[in-house]
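*Asks:* The structure follows.
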Amino acid sequence: MSKKDEEREAFARVSHKLKTIGIEVAVDSLIAVAGDPKAPAPARSTAGTSLLRAAGMISTGSKDATRSDKSPAEMSPEELDEALTALRQDLAGRRSGEDADGVFN
């Protein structure tokens with residue numbers, strides 16, 4: 001097996017772990033912090049916001065709190081353009097370290 005194959009397999013294993021165990025641990029942790037009356041208010045607020053965003057109740061690229069379960073295939077050209085703009089803004093924020101709503105901020 002080549003080194004590239006080993007890297008791909010390792011990446012696949014880790015990705016699977018993140019998408020299964022990791023996501024459960026993250027959500028459980030956010031719920032615990034958000035529901036802990038002794039946790040600092042900023043931590044509770046951030047955890048609550050992260051939970052709402054993960055649930056799709058807060059749009060990351062819009063000021064409106066809307067829920068959208070549409071797949072790109074169901075979107076109009078205007079909706080696709082808005083979604084792409086939002087994703088590009090989110091990516092730019094993450095690259096610059098300005099993701100103020102993250103779990104660890």
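The values are calculated or read from the model by the stated rules, or taken from the named source; none is laboratory data. Source: prediction; values computed, not measured. Glycine also receives a Cβ, built like all others from the backbone with ideal geometry; neighbour counts cover every protein chain displayed.
*Asks:* If Glu82 passes every condition in (1) surrounded by 10 or more Cβ atoms within 10 Å (Cβ to Cβ); (2) at pLDDT below 75 but one, which one does it miss?
*Replies:* Unmet condition: (2).
*Asks:* Out of Gly102, Gly61, I need the residue that is in contact with a helix residue (DSSP H, G or I) (Cβ under 6 Å, 6 or more places away or on another chain), at pLDDT below 85, in a loop (DSSP other than H, G, I, E, B) and of a type outside the set (Ser, Thr, Tyr). Which one? Please lay out each step first, then the result.
*Replies:* On the way: Gly102 fails: in contact with a helix residue (DSSP H, G or I) (Cβ under 6 Å, 6 or more places away or on another chain).
None of the other options fit; the residue is Gly61.
Table: residues versus (1) modelled with pLDDT of 95 or more; (2) loosely packed, with under 11 Cβ neighbours inside 10 Å; (3) not in a helix (DSSP H, G or I).
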site: Ser15; (1), (2), (3): no, no, no
site: Leu18; (1), (2), (3): no, no, no
site: Gly22; (1), (2), (3): no, no, no
site: Asp28; (1), (2), (3): yes, yes, no
site: Ile31; (1), (2), (3): yes, no, no
site: Lys38; (1), (2), (3): yes, yes, yes
site: Arg44; (1), (2), (3): no, no, no
site: Ala47; (1), (2), (3): no, no, no
site: Leu51; (1), (2), (3): no, no, no
